[in-house]
Amino acid sequence: MAKGKKAIDIVEEIVKPVCDEMGLILWDVRFEKEGPDWYLRIFIDKEGGVFIEDCEKLSRTVDPMIDEADPINQAYYFEVSSAGLGRKLTKDFHFEAKKGQIALAKLIRPIDGVREIKGTIEGYSDGVVTLSNENGSHNVNVKDTSFIKLCDDEDLF
């Protein structure tokens, strides 16, 4: 592993150019523990939607590249999937890409008794997302949230 670099950063450096070549958007890379197991997850997006063939092609292409770089020194499962509906917004470009869509911010600590703020993404700057709803405009510092996710799957159920 390169000195001073996190494993996720190394994986992103490997996967991003491949995604660009394939016409995919690298949405996120996560290394997560579930029960006793660890998972390296790559989330992708694409204009018109992601298909299983996109996930398979990217997986087959980058898996040996990641193995060769060996940025993670433990056993893990490797997954490539669509960012999906209700996706988490974690990077600066996520907020710009989804401007005008409805999102839910789950606050770590309540503000004025409110723990969740749902509204249309109006803007993003310096780690603060502006959500607007019937109660006005709310500036939410991303660092003060457990998560912010799209609400594009609400009408499905």
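Here are the numbers:
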quantity	calculated
Residues of the stretch 107-157 satisfying the condition of being more than 16 Å from residue 96 (Cα to Cα) and small (Gly, Ala, Ser)	113, 136, 137, 146
Selection within the stretch 79-101 - open to solvent by 80 Å² or more (accessible area, probe 1.4 Å) and over 14 Å from the mean Cα position of the chain (by Cα)	99
Residue 119 vs. criteria among the small types (Gly, Ala, Ser) and more than 22 Å from residue 43 (Cβ to Cβ)	yes
Any hit, the stretch 131-140, residues being open to solvent by less than 50 Å² (accessible area, probe 1.4 Å), within 30 Å of residue 48 (Cα to Cα), in a helix (DSSP H, G or I) and of a type in the set (A, V, I, L, M)	no
Residue pairs meeting the criteria (Cβ under 7 Å; at least 6 apart or on separate chains; first farther than 12 Å from residue 61 by Cβ and of a type in the set (Asp, Glu), in the stretch 8-35; second modelled with pLDDT under 95 and open to solvent by less than 50 Å² (accessible area, probe 1.4 Å))	28/83
Any hit, the stretch 47-68, residues being under 21 Å from residue 147 (Cα atoms), at pLDDT below 95 and either among the acidic types (Asp, Glu) or part of a loop (DSSP other than H, G, I, E, B) (or both)	no
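This table checks each residue for (1) aromatic (Phe, Trp, Tyr); (2) in a strand (DSSP E or B); (3) in contact with a strand residue (DSSP E or B) (Cβ under 9 Å, 6 or more places away or on another chain); (4) over 26 Å from residue 19 (Cα atoms).
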site: 79; (1), (2), (3), (4): no, yes, yes, no
site: 117; (1), (2), (3), (4): no, yes, yes, yes
site: 148; (1), (2), (3), (4): no, yes, yes, no
site: 152; (1), (2), (3), (4): no, no, yes, no
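The values are calculated or read from the model by the stated rules, or taken from the named source; none is laboratory data. The shown structure was predicted, so the numbers you read here are calculated from the model rather than taken from an experiment. Don't worry about glycine lacking a Cβ; one is built from the backbone with ideal geometry, like all the others, and counts go over all protein chains shown. These accessible areas exclude ligands, DNA and RNA; they are computed on the full protein's heavy atoms, side chains included. Shrake-Rupley method; radii C 1.70, N 1.55, O 1.52, S 1.80 Å.
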